[in-house]
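The values are calculated or read from the model by the stated rules, or taken from the named source; none is laboratory data. Keep in mind it's a predicted model, so treat the numbers as computed, not measured. For neighbour counting, all protein chains shown are included, and Cβ atoms are generated from backbone atoms with ideal geometry for every residue, glycine included.
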Amino acid sequence: MDVQINISQIAIWEKPVLCYEFSNRSCQKFVYPLETRILLYILFSISSIVTIIGNLLVIITVIHFKQLHTPTNYLILSLAVADLLVGGVVMPPSMLRSIETCWYLGDLFCKIHSSLDVTLCTASILNLCIISLDRYYAICHPFQYQSKMTSLATLVMIIICWSVSAALGFGMIFMELNILGIEDFYYENVDCDGKWCHIFFSHGPAVVTSLFSFCVPGLIIIGIYSRIYMAARNQARSISLQLNQLRRVYPSEGTHCRAQKATITIAIVVGVFLVCWTPFFLCNIMNPFIGYTTPSNWGNI
């Protein structure tokens, strides 16, 4: 009996149906077993809700408490906004697309969704890049920190971060720069009614987008935190010996310790972020060079 059930489930998975039965240009649809679909909806929904609630709490906390109105927390607020929008705007349509294996929300919303996906993911890593710079001055140059990382400087960096991210995301998708050079191949072999609405890249855009959205910022972050680690280790003894003399003029030991703890926490978050995103961007770069053989649902993992 169990064998028969398993065989029937495999048959359902392997048998393609159409997203739009009465369209000559319809994409094929793969139907998951009902139990699998329910489980996926639950997992995706929990992930989206946790993302929304967690980042919403961060936003409310930073806005509500005036003592948290600092340049560092403004950067964390910007990061939380990006992640909140990912959980509330990007993840639900992605959930529907991934589980139903078809896109039923129209071509225009597909472009908007893809643009927001690129914009928000790029904004997240650029915000992390700016946060690492903030931590660098807080740890390596604590006496220059207040003059370098002012509220105005932080605001300017946040505006630049979001502007660059939006230009990359919306500019690339709506101008169709992502399929530059392979337009005929795309419209003949990929484009169809109910298409997956995953972002399709030609060789050049795949490399450029991955470099600007992940590789370059990621290397900068790794370089900065490596410099912070080395500086913190080398300066630990000298700070301890000179603390009594510096206390009257410069930040206290408590301030420096808090800065170090904040840096360690953020470094862990950044490390997890980079580890999680590295396989995706490696796949994104390699896919055009290996004949687009990567499964379409890879990006949803």
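Figures for the structure shown
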quantity	calculated
Set ILE53, ILE42, ILE76: member being in a helix (DSSP H, G or I) and either closer than 30 Å to SER147 by Cβ or in contact with a helix residue (DSSP H, G or I) (Cβ under 8 Å, 6 or more places away or on another chain) (or both)	ILE76
Qualifying residue in region 135-152 (condition: of a type outside the set (Phe, Trp, Tyr) and within 22 Å of the chain's Cα centre (by Cα))	yes
Residue list for region 134-171, filter: closer than 21 Å to ILE264 by Cβ and small (Gly, Ala, Ser)	ALA138
Region 264-277, residues that are free of Cβ contacts under 8 Å to residues at least 12 places away in the same chain and in contact with a Phe, Trp or Tyr (Cβ under 9 Å, 6 or more places away or on another chain)	GLY271
Within region 100-113, considering residues that are buried (at least 19 other Cβ atoms within 10 Å of the Cβ) and assigned to a helix (DSSP H, G or I), the one nearest to the chain's Cα centre (by Cα)	HIS113
Matching residues, region 114-154, being in contact (Cβ under 8 Å) with a residue 24 or more places away in the chain, surrounded by fewer than 21 Cβ atoms within 10 Å (Cβ to Cβ), outside any helix (DSSP H, G or I) and in contact with a Phe, Trp or Tyr (Cβ under 8 Å, 6 or more places away or on another chain)	PRO142, PHE143
Conditions (1) buried (at least 20 other Cβ atoms within 10 Å of the Cβ); (2) at pLDDT below 95: number failed by SER78	(2)
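A quick yes/no check of all residues on (1) acidic (Asp, Glu); (2) crowded, with 17+ Cβ neighbours inside 10 Å:
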| site | (1), (2) |
| --- | --- |
| LEU168 | no, yes |
| ILE173 | no, yes |
| GLU176 | yes, no |
| ILE179 | no, yes |
| ASP184 | yes, no |
| GLU188 | yes, no |
| LYS195 | no, yes |
| ILE199 | no, yes |
| HIS203 | no, no |
